[in-house]
Amino acid sequence: MQIPSVDELRAKFQEYVNVLKMARKPDREEFITTTKISVAVMFVVGLIGFFIYILMQVVPEVFKK
């Protein structure tokens, strides 16, 4: 693995600074909307995982008989 040069490090650091300059605190409505979407997605992913878990418990029992 190559060690990055000083110019490469400086360029990468400048990218990070530019991103931080563009960042802003979300207003209340944006924060609530983002939170609702995040909770909904976590619920759906958890539900899918739960169904997969149930299938992995039920299907082997069906084929044992």
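The values are calculated or read from the model by the stated rules, or taken from the named source; none is laboratory data. Keep in mind the model is a prediction, meaning the values are calculated, not measured. With ideal geometry, Cβ positions are generated from the backbone for all residues, glycine too; neighbour counts draw on all protein chains shown.
Rundown of residues vs (1) modelled with pLDDT of 95 or more; (2) under 18 Å from the mean Cα position of the chain (by Cα), yes/no style:
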residue: Asp7; (1), (2): no, no
residue: Leu20; (1), (2): no, no
residue: Asp27; (1), (2): yes, no
residue: Thr34; (1), (2): yes, yes
residue: Val41; (1), (2): yes, yes
residue: Gly46; (1), (2): yes, yes
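For the criterion of being in contact with a Lys or Arg (Cβ under 8 Å, 6 or more places away or on another chain) and surrounded by 10 or more Cβ atoms within 10 Å (Cβ to Cβ), Pro26 fails.
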